[in-house]
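Before any comments, here is the structure.
The values are calculated or read from the model by the stated rules, or taken from the named source; none is laboratory data. Small disclaimer: the values here were computed from a predicted structure and weren't measured. Backbone-built Cβ (ideal geometry, glycine too); neighbour counts: all protein chains shown. Surface accessibility is based on the protein's heavy atoms, side chains included, excluding ligands, DNA and RNA. Shrake-Rupley method; radii C 1.70, N 1.55, O 1.52, S 1.80 Å.
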Amino acid sequence: MTAIVLPELKNGSGGLPSQPTQPVASHRRDIAVPALLIEDASKRFIVGRKRKPVVAISHVSMRLERGDIHGILGANGSGKSTLIRLISGLLTLDEGRVEVFGHDIVRDEMAVKRLINRVSVDAAFFKKLSPMENLLFAARLYGMDGTRAKREALQILARLGIGANRTTRPIEQMSRGMQQKVAIARALLTSPTLLLLDEPTTGLDPRSKLDVQTFIEELRETHDATIVLTTHDLAEAERLCGRITILNDGRVVAEDTPDGLIALVASRLGRPATLEDVFMTFTGRSLDDDVEEDESESDD
Amino acid sequence: MTIVAHELKASYAFIERNFFLTRRYWGWEIAFLVYSVAGALSISLIGADQGSPTLLLTLMVGAIFWNYLSVVFSWIAETISVERWEGTLEYTMMAPIRRWSQLLGSVLYAMVYGLVHTTVILIVLILFFPQLDLAGANPVTVLAFMLLGSFSFVGIGMIAAILPLLYVERGAQMTFVLQSCLLLVSGVYYSVEILPPWMQVLSHLSPATYVLHGVRAGLLKGTSVVDLFGDVWPLLVMGVVFIPFGLWAFGRAERYAKRTGKLKRVG
């Protein structure tokens, strides 16, 4: 199915927030520093024997204010995870720039690294080590001492429903949902002010998913964290996100509040709309297409 | 000072994590120790079979101390491949630490692990060959060359650690190629004089050549470190040259991996 790209949505009520035309540094005295500022970011990869360039992210711009939970939606391969990796400093930008709380991710790499952490779809750990050993390692990398790290790790894990008695056995003995909760605990332990959640609930059972979602809501209420959330779960996005950006083929095709996007698509369709209608309108594919693609990838 | 303290804390994180891993894989550690002892014994028995105490000691030193250098080299070279295997590489690369502190932690743990491992093998071999007379050995020389050897091997280990960063599927295996080439030219089980002239040139570039020569002199003849200065200075120079070069090369490889997206893939 061909993607329906609506460039006019980038302006007006349903469009992108206006971007500063001057360097952010010159604005700092006048306006609040955004938690995350992405300006005209692009990333290409060279793939295959013919060394064909593939555009993963194309001229993406975003601005997140402190305390926002900002959702990024898009089909598989739309560039969501690449964007998260660019913000994390795990990929270099070909063009554009990214700032985290006013720190350029290239020039102030260490300062940015201290401010961010990430949870990805796959809970990667040293599988033979226990949750506590894994968390202790992560905490020390962020400058925490062992005693404090253990105390805070236990508190966070307890909040996520993992008791102290489960923290000493190898993590490979835990279920996928439990491992993902430990991954969230690992990110929170370092008190990130910008938390990047890359499909954190994908593959979790409904109860674990609900636990994680509730925890994210609590974070918004109790912690001074700004959150970027990529997800395929539209109900989750609607529940958690204050604003949503939709990516398609590496480009931003829409950005607004969930209600704003739904209202916009409803007016175009001439009937009440859901977030799934929004997704289909802007990406040109249904969620079923994505699920089928996921399944065929796992079969491979 | 705060930055240095933070980086040292990060180095400690790698030491502690590697200790945890060793503790969890204790079964494998015992198996590896048995393998190493059996290997060292097999090679040493060639000397015993020839009825030559000198040959026995020469082979024994080669087997034991090559084992030490291999262990140190492997731990450093596997800094990346272990994380790639576990899928944690991106998280470690995201952490606010400098690469030298990561490598320092790996190196320090490798040295302690190697020393413990080698000591066990040495004790077993001494018990197995009670006829060996080590009364005239100079343990200070032996220890000094082990430490100097570790220092000079660090840079080579860092360069080897680049391979799993650049070659996702087979990078870890490629480090074995480097290791076997060092084994070939370093006079581990034979004198480098028997090598073809072009290989002898290469032997001068391997720190193992000087380490083994120094250890053998200390163990067999009781020679002091001062009298072995001809073996000490090349090791110092190699450490001074290879470590900064290894760090520089690692940094370049990391930037390349970030540009091409090679950090993501799990081997």
Taking segment A:265-275 and the residues there that are touching an Asp or Glu at 6+ places or on another chain (Cβ under 7 Å) and either surrounded by 21 or more Cβ atoms within 10 Å (Cβ to Cβ) or in contact (Cβ under 8 Å) with a residue 24 or more places away in the chain (or both), the one that is nearest to A:Ala237 (Cα to Cα) would be A:Leu275
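Please go through segment A:220-237 and give me each residue that is of a type in the set (D, E, K, R) and not in a loop (DSSP other than H, G, I, E, B), ordered by number.
Within segment A:220-237, the first condition is being of a type in the set (D, E, K, R), and the residues that meet it are A:220-221, A:224, A:233, A:236.
Within segment A:220-237, A:Arg220, A:Glu221, A:Glu236 meet the criteria.
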> If you check B:Leu205 against the conditions, is it away from chain A (no Cβ under 14 Å), on the phi < 0 side of the Ramachandran plot and outside any helix (DSSP H, G or I)?
Replying inline: yes
Taking segment A:84-108 and keeping only residues that are more than 10 Å from chain B (Cβ to nearest Cβ), acidic (Asp, Glu) and open to solvent by 50 Å² or more (accessible area, probe 1.4 Å), one is left with A:Glu95, A:Asp108
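Yes or no: segment A:276-286 includes at least one residue that is open to solvent by 10 Å² or more (accessible area, probe 1.4 Å), at pLDDT below 90 and either farther than 21 Å from A:Leu36 by Cβ or part of a loop (DSSP other than H, G, I, E, B) (or both). Spell out how you get there, then give the answer.
Taking segment A:276-286 and keeping what is open to solvent by 10 Å² or more (accessible area, probe 1.4 Å), we get A:276-277, A:280-281, A:285-286.
After this cut, where a residue has to be at pLDDT below 90 as well, the list is A:285-286.
Within this subset, residues satisfying the condition of being either farther than 21 Å from A:Leu36 by Cβ or part of a loop (DSSP other than H, G, I, E, B) (or both) are A:285-286.
Checked segment A:276-286: at least one residue is open to solvent by 10 Å² or more (accessible area, probe 1.4 Å), at pLDDT below 90 and either farther than 21 Å from A:Leu36 by Cβ or part of a loop (DSSP other than H, G, I, E, B) (or both).
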Selection from segment A:116-138 of residues more than 8 Å from every other protein chain (Cβ to nearest Cβ), of a type outside the set (S, T, N, Q) and open to solvent by less than 40 Å² (accessible area, probe 1.4 Å) yields A:Val119, A:Ala123, A:Pro131, A:Met132, A:Leu135
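Within segment B:148-162, identify whether any single residue is surrounded by fewer than 17 Cβ atoms within 10 Å (Cβ to Cβ) and part of a helix (DSSP H, G or I), and answer yes or no.
Narrowing segment B:148-162 to residues surrounded by fewer than 17 Cβ atoms within 10 Å (Cβ to Cβ): none.
No; the residues of segment B:148-162 include none that is surrounded by fewer than 17 Cβ atoms within 10 Å (Cβ to Cβ) and part of a helix (DSSP H, G or I).
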- With respect to B:Leu21, is the statement that it is modelled with pLDDT under 95, crowded, with 17+ Cβ neighbours inside 10 Å and not hydroxyl-bearing (Ser, Thr, Tyr) true? yes
Given the conditions (1) open to solvent by 10 Å² or more (accessible area, probe 1.4 Å); (2) at pLDDT 90 or above; (3) under 16 Å from the mean Cα position of the chain (by Cα), every one holds for A:Asp249 apart from (3)
Checked segment B:1-31 for anything more than 10 Å from chain A (Cβ to nearest Cβ) and part of a loop (DSSP other than H, G, I, E, B); matches are B:Met1
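Could you pull out the residue among B:Leu108, B:Leu103 that is in contact (Cβ under 8 Å) with a residue 60 or more places away in the chain and open to solvent by less than 10 Å² (accessible area, probe 1.4 Å)?
Details: B:Leu108 fails: open to solvent by less than 10 Å² (accessible area, probe 1.4 Å).
Just a single option satisfies the conditions, and that option is B:Leu103.
What about A:Asp122, is it outside any helix (DSSP H, G or I) and out of contact with any helix residue (DSSP H, G or I) (no Cβ under 9 Å at 6 or more places or on another chain)?
Values: outside any helix (DSSP H, G or I): yes; out of contact with any helix residue (DSSP H, G or I) (no Cβ under 9 Å at 6 or more places or on another chain): no.
Criteria not met by A:Asp122.
Working only within segment A:192-212, note down all residues that are open to solvent by 10 Å² or more (accessible area, probe 1.4 Å) and modelled with pLDDT under 90.
So the first thing to find is which residues in segment A:192-212 are open to solvent by 10 Å² or more (accessible area, probe 1.4 Å), and the list is A:192-193, A:199, A:202-211.
If the condition is that a residue be open to solvent by 10 Å² or more (accessible area, probe 1.4 Å) and modelled with pLDDT under 90, then A:Thr202, A:Gly203, A:Leu204, A:Asp205, A:Pro206, A:Arg207, A:Ser208, A:Lys209, A:Leu210, A:Asp211 are the ones that fit.
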Subset of segment A:157-186, residues touching a Phe, Trp or Tyr at 6+ places or on another chain (Cβ under 9 Å), part of a helix (DSSP H, G or I), open to solvent by less than 30 Å² (accessible area, probe 1.4 Å) and not polar (S, T, N, Q), comes to A:Ile171, A:Lys181, A:Val182, A:Ala183, A:Ile184, A:Arg186
Q: For segment B:41-52, indicate whether the set of residues that are open to solvent by 50 Å² or more (accessible area, probe 1.4 Å), of a type in the set (Gly, Ala, Ser), away from chain A (no Cβ under 14 Å) and over 30 Å from A:Ser191 (Cβ atoms) is non-empty.
A: yes
Within segment B:214-243, residues being within 13 Å of B:Met146 (Cβ to Cβ) and open to solvent by 30 Å² or more (accessible area, probe 1.4 Å) number 2
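Out of segment B:68-99, which residues are modelled with pLDDT of 90 or more and either of a type outside the set (A, V, I, L, M, F, W, C) or open to solvent by 10 Å² or more (accessible area, probe 1.4 Å) (or both)?
Step one: of segment B:68-99, the residues modelled with pLDDT of 90 or more are B:88-98.
Correct list: B:Thr88, B:Glu90, B:Tyr91, B:Thr92, B:Pro96, B:Arg98.
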Exactly one of B:Tyr167, B:Tyr190 is closer than 15 Å to B:Gly62 by Cα and open to solvent by 70 Å² or more (accessible area, probe 1.4 Å), and that one is B:Tyr190
Here the residues within segment A:209-224 that are touching a residue at least 60 places away in the same chain (Cβ under 8 Å) and of a type in the set (Asp, Glu) are A:Asp224
Of the residues in segment B:22-35 that are without any contact (Cβ under 8 Å) to a residue 24 or more places away in the chain and among the aliphatic types (A, V, I, L, M), the one that is farthest from B:Ser101 (Cα to Cα) is B:Val34
